[in-house]
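Notes to accompany the following structure.
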Amino acid sequence: MGKLRAAQYACSLLGHALQRHGASPELQKQIRQLEGHLSLGRKLLRLGNSADALESAKRAVHLSDVVLRFCITVSHLNRALYFACDNVLWAGKSGLAPRVDQEKWAQRSFRYYLFSLIMNLSRDAYEIRLLMEQESSACSRRPKGSGSGVPGGIETGGLGGPGTPGGGLPQLALKLQLRVLLLARVLRGHPPLLLDVVRNACDLFIPLDKLGLWRCGPGIVGLCGLVSSILSILTLICPWLRLKP
């Protein structure tokens, strides 16, 4: 499935590149047809994914963390609805249900896909926040000079207090710098979380473009879809890179 998705978005990216470089209309048509066949093949292989998403939602309901339980459950429910709409689209494109309004069901499908991605990114942000708090607390307990790289507390006495002219901006810049360093440290130490953030962020451009909320163009959509697909394949090859639960 991941390979088909990667091939589909590679075709999208290739078609955009051929169009920009003035390739022959016949070649562009062949690439579009190949992309359409790959899309239809993916929809056929996803016929049972709605049931899998519902089962995943049932398992997520029992998570002890309230925020994770909400984000993951709602994400899986939206994925189930997205796959259901995808099944209707497949029936329409394959000729089993020729009267299906393709545009209407495609818009529904991408809306559910967008909601699912928003929940995934919310879950990522929550986990990042927890890890940053843990890392900051751990750094603050370490003795000074231990070489941790990111201090837990922020010493701003040398930058001027609230009453010192110009002291507020340097303090804010330092705090921001330390937060960025802490974020980088957390993501570097948790590759599954980093991959999940990048993959969800890349996928986000697809429904935003299809729904007309943010027009990115076929080139950006193809590139983001290809990167996301490669990361998905990577998590299949290396299961330890898959974010749990």
(request) Spot the failing condition for G36; the list is (1) under 24 Å from the mean Cα position of the chain (by Cα); (2) outside any helix (DSSP H, G or I), and only one is missed. (result) (2)
(message) Return the residues of region 13-25 that are part of a helix (DSSP H, G or I), open to solvent by 90 Å² or more (accessible area, probe 1.4 Å) and either closer than 20 Å to I220 by Cβ or touching a residue at least 60 places away in the same chain (Cβ under 8 Å) (or both); say none if nothing qualifies.
(response) Q19, R20
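For (1) part of a helix (DSSP H, G or I); (2) without any contact (Cβ under 8 Å) to a residue 40 or more places away in the chain; (3) surrounded by 20 or more Cβ atoms within 10 Å (Cβ to Cβ); (4) not aliphatic (A, V, I, L, M), each residue gets a yes or a no:
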residue: L27; (1), (2), (3), (4): yes, yes, no, no
residue: R32; (1), (2), (3), (4): yes, yes, no, yes
residue: L44; (1), (2), (3), (4): yes, no, no, no
residue: L47; (1), (2), (3), (4): no, no, no, no
residue: W90; (1), (2), (3), (4): yes, no, yes, yes
(message) Need the failing condition index for L63 against (1) open to solvent by less than 80 Å² (accessible area, probe 1.4 Å); (2) touching a Lys or Arg at 6+ places or on another chain (Cβ under 9 Å); (3) part of a helix (DSSP H, G or I); (4) touching a residue at least 40 places away in the same chain (Cβ under 8 Å), just the number.
(response) (3)
(message) Which numbered condition in (1) of a type outside the set (V, I, T); (2) within 24 Å of Q8 (Cα to Cα); (3) crowded, with 16+ Cβ neighbours inside 10 Å; (4) without any contact (Cβ under 8 Å) to a residue 12 or more places away in the chain is the only one that L194 fails?
(response) (2)
(request) Go through (1) out of contact with any Cys (no Cβ under 7 Å at 6 or more places or on another chain); (2) open to solvent by 40 Å² or more (accessible area, probe 1.4 Å); (3) free of Cβ contacts under 8 Å to residues at least 24 places away in the same chain; (4) over 30 Å from L183 (Cα atoms) and name the single condition Q107 misses. (result) (3)
(request) Sort through S75, S94 and tell me the only one that's at pLDDT 95 or above and either open to solvent by less than 40 Å² (accessible area, probe 1.4 Å) or not acidic (D, E) (or both). (result) S75
(request) Might you check whether a residue that is open to solvent by less than 20 Å² (accessible area, probe 1.4 Å) and closer than 17 Å to S39 by Cα occurs anywhere in region 78-85? (result) yes
(request) Write out, first by first residue and then by second, each pair whose Cβ atoms fall under 7 Å of each other, whose residues are 6+ apart or on separate chains, and whose first residue, in region 218-245, is within 17 Å of D124 (Cβ to Cβ) while the second is exposed (fewer than 15 other Cβ atoms within 10 Å of the Cβ) and not aliphatic (A, V, I, L, M). (result) T235/R242; L241/P191
(request) Quick one: R179 ticks every box in (1) exposed (fewer than 15 other Cβ atoms within 10 Å of the Cβ); (2) at pLDDT below 90 except a single one, so which number is it? (result) (2)
(request) Could you check how many residues of region 206-245 are in a helix (DSSP H, G or I), open to solvent by less than 60 Å² (accessible area, probe 1.4 Å), out of contact with any Gly (no Cβ under 8 Å at 6 or more places or on another chain) and closer than 24 Å to C11 by Cα? (result) 11
(request) Evaluate region 51-58: report whether one residue or more is farther than 24 Å from T235 by Cα, over 21 Å from the mean Cα position of the chain (by Cα), among the aliphatic types (A, V, I, L, M) and in a helix (DSSP H, G or I). (result) no
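The values are calculated or read from the model by the stated rules, or taken from the named source; none is laboratory data. Worth saying up front: this structure is predicted, and the values here are computed from it rather than measured. Counting neighbours? That spans all protein chains shown, and the Cβs are built from the backbone with ideal geometry, glycine included. To get the accessible areas, we keep the full protein, side chains included, count just its heavy atoms, and leave off ligands, DNA and RNA. Shrake-Rupley method; radii C 1.70, N 1.55, O 1.52, S 1.80 Å.
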